[in-house]
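Every read-out reported here was derived from the displayed coordinates using simple, explicitly stated rules and does not represent laboratory data. On a predicted model such as this, the values are computed, not experimentally measured, just so you know. Cβ: placed from backbone, ideal geometry, glycine included. Neighbour counts: every protein chain shown.
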Amino acid sequence: MATCMKTMTSDLYSHGRSDPEYYLPNHTEVEAKLNLLSTVPLRRLGFFSCSAFYPAATHLYSEDGMPFLRCVDIVNYPLISADQPFARIPQPFVAAHSSIRSLSAGDIVISKVGTPCYASLLAQDMPFAAMTRTVLGMSGIRENLVNPYYLIAFLRSRYGFDQLMRERELTIQYQLTLERTRKVCVYLPDRPIQDEIGNVVEAYYQSLRRSVKAYEDAQYLLESELGLDKLSFQKPVGYTARFSTIGLSNTFNAGRIDAQCFAPNAIFYQSWLRNHARCDRLTHLLQGMAKGRQQEETSTGSTDYCSIKHISGHELTDASKCQPIADTPLAGQDDLLLAITGATIGKIGIVKRYKQLAFSGDLLCLKANSEINSHYLLVALDHIIGQVQFNRWITGSTNGHLAPRDVGRVLVPRLNKKTEEHIAELVEKSVSKRVESEKLLHQATTRVEQLIEEAVRQ
């Protein structure tokens, strides 16, 4: 359906934009409502900067360097903490190139290309972080005017995010510029109300940290029980898998002769598991395994539907809707959904929020039987000891694929029942705290929107 945009010639001059997308109804509605209120441009609330040209640096990424903020570090993280999986870059490289700008705890970073227009606050435990060219930063925030946590809620609400999306400019791709970001209008309610919303955002962050901590505790307990915390493996840059070393029986059992199937890390962890742990084949721990079917997403659908993009934080979130075709397999509560195609092979999540849902052909549903708790199975398969096994059985050269029969080959370490239950409880706590954190963030952004709507009606 085509949408017709109308605007006054004076608007073309005042905004300096003539592209039709700038005058979409949702954009003009947000502008009209904010024009009825007293607002402050972002430029009055802090100082803006971004990194300019610098030499290619991806080959310098390391585990010990300075965080190098990219748009992928921002989208799903309204508050950025020190333990996120950043790309990191040597401090001397940043110091040698004045065009690379940095941010510190309490500053705000906004994604400007790629997946643009998401704002995040650097948490108090964040060290200095450099910015790639995919983001821009806001520092020196005037906290006498605005609570930074409230500002994040506003910028992630409809009235902030929509303005940022509107101000993008199309060059090779859509991107934000410093000048257009500075002009975004911010509604500032009385300070007690800002603080109230800011407290909800802080509560979101604390709940999310508890979720991360519970999952880390589950992983640590699994590793310590198996002795993996004392185990190390240095993956070689390259390797040769010799037939004479592998042996005829191993190639026959694997049904494969390619080098990937006999990668050193896969052989190392599998041999270690066989020699040091009691293990079960995954296929013996399942009452069923089903591959999904591609469905057409539709707002009028009767069934919840998910794909790989809906797996977040080891759980299925924000499923869409579909009208399922006949014989569509359905996943139920506590079932696991495993990504079996492409770059996301091995990504896994547990179904908690939905009684049943359809799922795409990129996912495989694993239904645990009574022999194992699905929350324990989740952490075992998500751990490196599970992931290297999934990687071992990938087939295909252009777009990798995991066949269900090969998924069933994976070895799952078993512990005593009490320990497995304890690990499962930690995983369940992690999932519930993540759900709680998402509700709190939604509460904060919704409250901002309600305040604006109420103010407009007065």
Q. Taking the mean number of other Cβ atoms within 10 Å as a proxy for protection, how do you rank 322-331, 32-41 from highest to lowest?
A. 322-331, 32-41
Q) Any idea what Rg and Dmax come out to for the range 269-316 if you just take the C-alpha atoms, in Å? A) 17.6, 53
**Q.** Where Rh is the Kirkwood radius over Cα pairs, Rg/Rh for the range 339-422
**A.** 0.98
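Going by a ≥ b ≥ c, the root eigenvalues of the Cα gyration tensor, does the range 378-458 fall in the rounded group (a/c under 1.5), the prolate group (a/b larger than b/c) or the oblate group? Before the final figure, lay out the partial values.
Working: a/c = 6.00, a/b = 1.92, b/c = 3.13.
Since a/c reaches 1.5 but b/c is at least a/b, the shape of the range 378-458 is classed as oblate.
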Q.
From the phi angles alone, apply the Karplus equation (6.51, -1.76, 1.60; θ = phi - 60°) to the range 92-104 and give each ³J(HN,Hα) in whole Hz, x where the residue is Gly or Pro.
A. x, 5, 5, 5, 7, 10, 5, 6, 8, 9, 10, 10, 9
Q: Quick one: which residues, 5+ away or cross-chain, put their amide H under 5 Å from the amide H of residue 79? H built at 1.01 Å from N.
A: 121
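By count of other Cβ within 10 Å, fewest leading, how are 75, 379 ordered? Can you show the working numbers first?
On the way: 75 15, 379 24.
The fewest-first ordering by Cβ neighbours comes to 75, 379.
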Q | Against the rule of thumb 2.2 N^0.38 Å, how large the Cα Rg of the chain comes out | A | 1.11
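So, R0 is 35 Å and r is the distance between the beta-carbons of residue 419 and residue 353; what FRET efficiency does that work out to, to 0.05? Working shown, then result.
Details: r = 27 Å, r/R0 = 0.78.
About 0.80, to the nearest 0.05.
Lys and Arg at +1, Asp and Glu at -1: add these up for the other residues within a Cβ distance under 14 Å of residue 47 and post the number. All intermediate terms of the calculation are to be shown ahead of the outcome.
Values: positive: 43, 44, 101, 142, 182; negative: 107, 143, 179.
Within the 14 Å Cβ shell, the charges total +2.
Tell me the net charge near residue 179. Cut-off is 11 Å between Cβ atoms, residue 179 excluded, with +1 for each Lys or Arg and -1 for each Asp or Glu. Walk me through the numbers before you get to the answer.
Numbers: positive: 43, 180, 182, 183; negative: 167, 169.
Local charge sum for residue 179: +2.
Helix-only estimate, please: 222 nm mean residue ellipticity of the chain, summing -39500 (n - 2.57) across DSSP H runs of length 4 or more and dividing by its residues, to the nearest 500.
Working: 14 runs with 170 residues, N = 458.
That comes out to -11500 deg cm²/dmol.
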Q. At q = 0.08, 0.11, 0.12, 0.20 Å⁻¹, what base-10 log of I(q)/I(0) does the Debye formula yield for the range 42-188 when every alpha carbon is treated as an equal point scatterer in vacuo?
A. -0.20, -0.37, -0.45, -1.25
Q. Amide H to amide H, which residues 5 or more places from residue 403 or on other chains are under 5 Å from it, using H placed in the peptide plane?
A. 395
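With a cut-off of 8 Å between alpha carbons and a minimum separation of six or more residues, what is the relative contact order of the chain in percent?
Working: 791 pairs, mean separation 69.9, N = 458.
Averaging sequence separation for qualifying contacts and normalising by length gives 15 percent for the chain.
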Q) By the scheme Lys and Arg +1, Asp and Glu -1, what is the net charge of all other residues having a beta-carbon under 12 Å from that of residue 29? A) 0
Q.
Run the reach check for residue 352 against lysines, Cα to Cα strictly under 25 Å, same-chain hits fewer than 8 apart removed. What comes back?
A. 213, 291, 309, 321, 367, 417, 418, 429, 433, 439
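Ranked highest first by average number of other Cβ atoms within 10 Å, how do 65-74, 47-56 line up? Provide the component values of the computation, followed by the final result.
Working: 65-74: 21.8, 47-56: 14.4.
With the highest mean Cβ count within 10 Å placed first, the list reads 65-74, 47-56.
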